[in-house]
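Asks: Before I ask anything, let me first share the structure, which is written out below as structure tokens.
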Amino acid sequence: MLTRNRPWRADLSRSLHLFREFGHEQSDPARFYTALALDSAQQLASYHDLSGQLMLDVGGGPGYFRDAFESKGATYVALDADVGELAGAGSIDRRTVIGSGMQLPFGTGSVDVCYSSNVLEHVPDPWLMAEEMVRVTRPGGLVFISYTTWFGPWGGHETSPRHYLGGRRARRAYAARHGHEPKNKFGESLFAVTVADGLGWARTQQVADVVHLVPRYNPSWSRWLLRVPVLREVVTWNLVLVLRKR
């Protein structure tokens with residue numbers, strides 16, 4: 001069921017700002033992820049009042065998102081499978097859990113908001129992770145899933161745009177050029193997840209109502225692109241699925 005509540009609006013200036021910041025992801029990740037965190041907190045708060053809410057960030061990484069969400073009043077808990085990633089921005093916060101997104105170590109209905117940004121494409125069974133996120137969210141709570149789409153310009157991450165020739169070929173080409181493997185290894189820590197995959201899962205799962213399906217970095221007026229099967233795969237860098245648990 002697709003609900004009619006669509007509060008989030010994004011204009012062209014916001015898109016241009018995020019794309020400019022995206023250019024610094026490799027050279028200055030703190031700058032990019034801090035900007036993305038502030039934008040994400042504003043977007044999420046437009047769907048759900050975060051004040052006093054227990055929020056789980058699946059794949060929280062170094063913690064760039066913590067301050068942004070806590071400024072909205074949330075009690076922020078992060079989960080990540082990689083200790084190295086968690087320590088990337090300094091010390092690891094005490095409200096941090098080591099675990100798998102595909103088997104969340106939390107009880108059913110135990111959090112008010114479950115959030116994940118740019119993680120789904122890094123797990124071998126992304127829709128199991130999505131189902132786990134819905135499971136741990138309480139009835140009436142919000143699930144926010146954002147992921148990088150495979151056929152978008154950044155689908156291969158640092159191997160882009162060679163990923164259009166195939167993920168494994170792009171991985172080999174990167175290693176030959178740089179003398180080492182990419183951080184995101186296709187078939188191990190990077191997988192092809194399409195726009196169609198996300199739209200299909202959101203519309204067929206039976207546990208939550210769909211609040212919003214939207215290209216994350218695009219202006220709101222471009223949302224119609226999701227209705228065009230081939231075009232949506234190429235022009236959508238990142239897809240957001242917003243659901244409310246029944």
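Asks: Looking only at residues in the stretch 34-68 that are hydrophobic (A, V, I, L, M, F, W, C) and closer than 20 Å to Ile98 by Cα, which one is nearest to the chain's Cα centre (by Cα)?
Replies: The selected residue is Val58.
Asks: In addition: Report yes if some residue within the stretch 113-130 is over 24 Å from Arg244 (Cβ atoms), among the hydrophobic types (A, V, I, L, M, F, W, C), outside any loop (DSSP other than H, G, I, E, B) and in contact with a Gly (Cβ under 6 Å, 6 or more places away or on another chain); otherwise report no.
Replies: If we filter the stretch 113-130 for residues that are over 24 Å from Arg244 (Cβ atoms), which is where we start, we get 122, 124.
Add one more test, that the residue is among the hydrophobic types (A, V, I, L, M, F, W, C), and what stays is none.
No, that holds for no residue.
Asks: Here are the criteria: (1) surrounded by fewer than 22 Cβ atoms within 10 Å (Cβ to Cβ); (2) under 25 Å from Val230 (Cβ atoms); (3) not hydrophobic (A, V, I, L, M, F, W, C). Tell me which single one Glu131 does not satisfy.
Replies: (2)
Asks: So which pairs qualify, if the first residue must be in the stretch 77-99 and closer than 9 Å to Gly59 by Cα and among the charged types (D, E, K, R), the second must be modelled with pLDDT of 90 or more and assigned to a loop (DSSP other than H, G, I, E, B), the Cβ gap must be under 6 Å, and the two must be at least 6 apart or on different chains?
Replies: Asp80/Gly59
Asks: Now for a different question. Take the stretch 57-82 and flag every residue that is among the charged types (D, E, K, R), outside any helix (DSSP H, G or I) and surrounded by 17 or more Cβ atoms within 10 Å (Cβ to Cβ).
Replies: Asp57, Lys72, Asp80
Asks: Moving on to the next point. Determine which single condition Glu21 fails, assuming it passes every other condition in (1) surrounded by fewer than 21 Cβ atoms within 10 Å (Cβ to Cβ); (2) free of Cβ contacts under 8 Å to residues at least 40 places away in the same chain; (3) under 25 Å from Val97 (Cα atoms).
Replies: (3)
Asks: Answer yes or no as to whether Leu239 is farther than 18 Å from Glu132 by Cβ and in contact with a Pro (Cβ under 7 Å, 6 or more places away or on another chain).
Replies: Against the criterion (farther than 18 Å from Glu132 by Cβ and in contact with a Pro (Cβ under 7 Å, 6 or more places away or on another chain)), Leu239 qualifies.
Asks: Restricting attention to the stretch 196-246, and to residues there that are among the β-branched types (Val, Ile, Thr) and under 13 Å from the mean Cα position of the chain (by Cα), which single residue is modelled with the lowest pLDDT?
Replies: Val214
Asks: Of all helices (runs of 4 or more DSSP H) completely enclosed by the stretch 131-246, which ones contain at least 3 residues that are touching a residue at least 60 places away in the same chain (Cβ under 8 Å) and out of contact with any His (no Cβ under 7 Å at 6 or more places or on another chain)? Talk me through it step by step, then tell me what you get.
Replies: On the way: elements: 167-178, 195-204, 229-235.
Counting at least 3 such residues, we get 195-204, 229-235.
Asks: Given the structure, is Gly90 modelled with pLDDT of 80 or more and not hydrophobic (A, V, I, L, M, F, W, C)?
Replies: Taking the combined requirement at face value, the residue does not satisfy it.
The values are calculated or read from the model by the stated rules, or taken from the named source; none is laboratory data. This is a predicted model, so every value here is computed, not measured. Heads up, the Cβs are rebuilt from the backbone with ideal geometry, glycines too, and the neighbour counts pull from every protein chain shown.
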